[in-house]
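Here is the structure we will look at.
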Amino acid sequence: MKKILALTLIGTMLFSMPVMAKDYEPPKAVYLEDSSNVGDPSITVAAIEEDKLVAEYMNNAVTGTWLLEDAITIGQGGDVIVDGQMTNLTFSVLKAGADHSGAAQKFANTMGGKVLNVVTVKGPATLKYSVANVNFYTPGIVSGQNIKVYTYSNGSWVENTVTEVREDHVVVDMTANGVLAFIEVA
């Protein structure tokens, strides 16, 4: 009996040590909403590949983020203005890793701000641009709210130009694809 207990404890320690070694190691999983009736398994597979809910995948949005209990939805529906030219391009909105969410929270705390969400944003792979003016759908945002958007670059957060904050939208000038933190500042 003592040997079984000792082996069980040793096994538990061995399997739990790698988990304790990282600051943030969220599970990789996609959960279908109760109302999901996709019908097409390829949509479910594509959502799983992006670590998204099916509704997030289908709407090019991120509704929840690791370590952020009150994250707002960030989506993008197209009509990106690239280097001053209106296009019909859509930038992909993907989930950022938990390590970026944690870093964004620490950064926001230094300026007395609150992280609204952290996402990875990518233009089409072949697109080269100097400035992309991207309109993000952000339900719950109101005109006049002080929203700042930062890109994670080389270990630090770099401020982007926010060109407009209006009802349910934040419009941002991006100079590169990457991880964006949407932060409300008092």
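F107 contributes about 50 Å² of solvent-accessible surface, heavy atoms of the protein only, 1.4 Å probe. Legend: residues K52, K148, sorted from most to least accessible area (1.4 Å probe; ligands, DNA and RNA excluded), read K148, K52. Residues W66, W157 ordered from highest to lowest accessible area at a 1.4 Å probe: W66, W157. Take Y137: with every protein chain present and a 1.4 Å probe, its accessible area is about 100 Å².
State whether region 43-139 is rounded, prolate or oblate according to the following rule on the C-alpha gyration tensor (a ≥ b ≥ c being the square roots of its eigenvalues): a/c under 1.5 gives rounded; otherwise a/b larger than b/c gives prolate, and the remaining case gives oblate. The shape class here is oblate.
Relative to the Cα centre, the charge distribution of region 84-186, modelled as +1 at Lys and Arg Cβ and -1 at Asp and Glu Cβ, gives a dipole magnitude of about 220 debye. Selection among T138, T163, P124 by position relative to the dipole of region 105-173 gives P124 as farthest towards the positive end (Cβ unit charges, Cα centre).
The values are calculated or read from the model by the stated rules, or taken from the named source; none is laboratory data. Being a predicted model, the structure only gives us computed values, none of them experimental. Glycine also receives a Cβ, built like all others from the backbone with ideal geometry; neighbour counts cover every protein chain displayed. The area values use the complete protein model at the heavy-atom level, side chains included, leaving out ligands, DNA and RNA. Shrake-Rupley method; radii C 1.70, N 1.55, O 1.52, S 1.80 Å.
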